[in-house]
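Below is one structure, written out as structure tokens, with a few remarks after it.
The values are calculated or read from the model by the stated rules, or taken from the named source; none is laboratory data. Note that the structure is predicted; figures quoted are calculated from it, not measured. Note: ideal-geometry Cβ built from the backbone for every residue, glycine included; neighbour counts use all protein chains shown. The area values use the complete protein model at the heavy-atom level, side chains included, leaving out ligands, DNA and RNA. Shrake-Rupley method; radii C 1.70, N 1.55, O 1.52, S 1.80 Å.
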Amino acid sequence: MNLVFKWKWLPDLAQGLALTLELTGLSMALGAVLGLALALLRVYAKGPLLPLYGLASAYVHFFRGTPLLVQLMGLYYGLPALGIRLSPFLASLLALTLNTAAYQAEYFRGAIQSVKSGQMLAARAIGLTRLQALRYVILPQALRLVIPPWSNELVYMIKGSAIVYLVGMLDLMGRARTIGTKEFRMFEVLVVTALFYLALILLFTVALRWVENRTRIPGLGVPGRS
Amino acid sequence: MLLRVEDLHKRYGREEVLRGISFSLEKGETKVIIGPSGTGKSTLLRCINRLTEPDRGRIFLEDVEITSPKADINKIRAQIGFVFQDFNLFTHLTALDNVRLGLMRVKGLPKKQATERALRELARVGLADKAKAYPAELSGGQQQRVSIARALAMDPKLILFDEPTSALDPELIGEVLSVMVDLAKSGMTMLVVTHEMGFARSVADEIIFMEKGVIVEQGPPEQLFKHPKHPRTAEFLRRITELYGGEG
């Protein structure tokens, strides 16, 4: 087998990488905000807010229970039937965000619920309101606990975002397809592309590991390697 | 009168945990609640600052009705210290920050004043040198002392202690009790649920014996220990002194 590699592929792929980063970064950040809100509703909504608990749960089950690909296609090809036309970028960003929010909601919920119940009691006992207790006692602990599953989600999303090439986005995968087709070197281009993904993921894994260690507090969370 | 509890009732499902509890506490008094486990002692304490909502009955802190639906419960809780059996220090905060949190976020003290006050309270429980330690780095006895400092910092009118030494190794009980003895002597108003009969006997102005959700008997320690009026009191005291020892 005669393998060929050309340096000129790299700038194109790097542009694709930038778009992959943009889509993943934005959807992870927006997904974190939405996911945290969903998690808080799933944990704390009761009384008059109970319907919101139901809505949040339905949301989470729907977006975790259907394929990301179907969600993207639905937004891009399905919505125009309702008169809503989204650009490929917007459809992609929306699909990724809505999907990761559902997963992140579950990670946040798990983290919030693993904060011991006595913490809320003690916070209320000194006169903090429920919101203050969340802000100063529960969330600082939950956010530390959520780092490992959240890094996992980030890794998944970096790779999962590759499906946006199917609606014509020139992300890393989209660029790879274009170059590969043009040059009749699909296999080689895909190998290089895979290395790009791998490098990106290793970088983020190390970075989040660093954050986890920097914010570590004795007695909270899983002990690191010693 | 600092605290007045009137005909308090609380039910969990079919079980009535509190069946009409009434008593009161004068300023500076220490009262100790004793009784078999599962008789509603902890529930009673938690009803007093409404960490648990009572079903019926009224509670007054001085002339403010705690149980009134219109009561500002956060403001009231800030005036009632609560010391938990398992400490419940905020895991992610140092000893100093544990004590400082309420000062800054509830009382609105600026950081500098809050820090000074918190350090003073830590010194009072003998832990000035542990200000920067996280709860996990402290022994159980030290954690409980920090939690007492956290309660003290708020300048409470009353401190509720819910079996403060029950989760401690025996050799650590003494350091917590001695802090509590000092507090009682300094004039703090305290309501203490405990099995430490030595503490009850030497510090309490009055002992309340509770069983099955009612107060069976109450009176000064000497009277209860030497001449209990009720046979159930006598039997409980005999059993508990065998277990924990009565002198001390």
Open item on the list: When only alpha-carbon atoms are used, what values of Rg and Dmax, in angstrom, describe the protein assembly as shown?
Closed with: 29.9, 102
TODO: With both partners inside chain B, how many of the DSSP beta bridges are antiparallel, as a percent to the nearest 5?
DONE: 55 percent
TODO: Quick one: plug the Kirkwood hydrodynamic radius of chain B (C-alpha pairs) into Stokes-Einstein at 20 °C, 1.002 mPa s, and report D in µm²/s.
DONE: 116 µm²/s
Open item on the list: From the mean inverse distance of alpha carbon pairs (Kirkwood) and the Cα radius of gyration, derive Rg over Rh for the stretch A:71-165.
Closed with: 1.18
Task: Beta bridge orientation in the protein assembly as shown: antiparallel %, DSSP, nearest 5 - done: 55 percent
Open item on the list: Nothing charged except the Cβ atoms of Lys and Arg (+1) and of Asp and Glu (-1): what's the magnitude of the dipole of the protein assembly as shown about its Cα centre? Round to the nearest 20 debye.
Closed with: 1300 debye
TODO: For helix A:172-183, report the angle its Cα long axis makes with the longest principal axis of the Cα atoms of chain A; keep it between 0 and 90° and round to the nearest 10°.
DONE: 10 degrees
Open item on the list: Can you give me the C-alpha center-to-center distance between the stretch B:140-163 and the stretch A:47-106, rounded to a whole angstrom?
Closed with: 48 Å
TODO: Identify the chymotrypsin sites (Phe, Trp or Tyr not before Pro) of the stretch A:141-186 meeting these criteria: DSSP loop state and at most 14 other C-beta atoms within 10 Å of the C-beta.
DONE: A:F184
Task: Positive dipole terminus of the stretch B:87-192, leading residue within B:M104, B:L191, B:A151 (C-beta point charges) - done: B:M104
Open item on the list: At a threshold of 8 angstrom on Cα-Cα distance, excluding pairs fewer than six apart, so keeping six or more, what relative contact order does the stretch A:3-215 reach in percent?
Closed with: 29 percent
Open item on the list: If each DSSP helix of 4+ residues adds -39,500 (n - 2.57) and the sum is divided by the residues in the protein assembly as shown, what number results at 222 nm, nearest 500 deg cm²/dmol?
Closed with: -17000 deg cm²/dmol
TODO: Can you tell me the 0 to 90 degree angle between the C-alpha axis of helix A:9-44 and the longest principal axis of chain A, rounded to 10?
DONE: 20 degrees
Open item on the list: Could you tell me the relative contact order of the stretch B:38-191? Use alpha-carbon pairs under 8 Å, at least six residues apart, and round to a whole percent.
Closed with: 27 percent
Task: Highest-MSF residue in chain B out of B:K31, B:K107, B:K70 [GNM, Cα springs under 10 Å] - done: B:K70
- [ ] At 7 Å along the Cα-to-beta-carbon direction for both A:H61 and B:K132, put a label point, then send me their distance in nm to one decimal.
- [x] 5.1 nm
TODO: With all protein chains present, calculate the accessible area of B:K226 using a 1.4 Å probe and round the result to the nearest 10 Å².
DONE: 120 Å²
Task: About the Cα centre, charge dipole magnitude for the stretch A:3-215 (Lys/Arg +1, Asp/Glu -1 at Cβ), debye - done: 460 debye
Open item on the list: Could you work out the percent of alpha carbon pairs in the stretch B:1-104 separated by over 21 Å, rounded to a whole number?
Closed with: 41 percent
Open item on the list: With only alpha-carbon pairs counted, each pair once and no self-pairs, how large is the Kirkwood hydrodynamic radius of the stretch B:192-248 in angstroms?
Closed with: 11.3 Å
- [ ] State which entries of B:K75/B:K157; A:K116/B:K70; B:K27/B:K70 exceed 19 angstrom in Cα-Cα distance in the structure shown.
- [x] A:K116/B:K70; B:K27/B:K70
- [ ] Taking DSSP loops as anything outside H, G, I, E and B, show the longest stretch in chain B free of GluC sites (Glu not before Pro) there with at most 15 other beta carbons within 10 Å.
- [x] B:63-246
Open item on the list: Straight-line reach from B:K10: which aspartates and glutamates fall under 12 Å, measuring Cα to Cα and dropping same-chain residues less than 8 apart?
Closed with: B:E53, B:D55
Task: Principal axis box of chain A, alpha-carbon based, largest edge first, Å - done: 71, 54, 23
Task: Proximal aspartates and glutamates to B:K107, defined as alpha-carbon separation beneath 15 angstrom and excluding residues fewer than eight positions away on the same chain - done: B:D72, B:D97, B:E116, B:D155
TODO: Putting +1 on Lys and Arg Cβ atoms and -1 on Asp and Glu Cβ atoms, find which of A:L203, A:I112, A:P67 reaches farthest to the positive end of the dipole of the stretch A:3-215.
DONE: A:I112
Open item on the list: 5 Å is the cut-off here: which amide hydrogens, built 1.01 Å from N in the peptide plane, fall below it relative to B:F161, excluding neighbours closer than 5 in sequence?
Closed with: B:V83, B:L191, B:V192, B:V193
Open item on the list: Please give me, ordered by residue number, the trypsin sites (Lys or Arg not before Pro) of the stretch A:31-114 that lie in loop per DSSP and have at most 12 other Cβ atoms within 10 Å.
Closed with: A:K46, A:R85
Open item on the list: Among A:I163, A:A142, A:L19, which residue has its Cα furthest toward the positive end of the charge dipole of the stretch A:3-215, with +1 on Lys/Arg Cβ and -1 on Asp/Glu Cβ?
Closed with: A:A142
TODO: On a 0 to 90° scale, report how tilted helix A:88-114 is relative to the longest principal axis of chain A, with both axes built from alpha carbons and the result rounded to the nearest 10.
DONE: 30 degrees
- [ ] Determine which lysines satisfy two conditions relative to B:K111: a Cα distance under 16 Å, and not lying fewer than 8 residues away in the same chain.
- [x] B:K132
Task: Translational D in µm²/s for the stretch A:86-126 (Stokes-Einstein at 25 °C, 0.890 mPa s, Kirkwood Rh from C-alpha pairs) - done: 194 µm²/s
Open item on the list: Using the Cα centre of the stretch B:114-248 as the reference point, and only Cβ charges (+1 on K/R, -1 on D/E), how large is the resulting charge dipole? Debye, rounded to the nearest 20.
Closed with: 240 debye
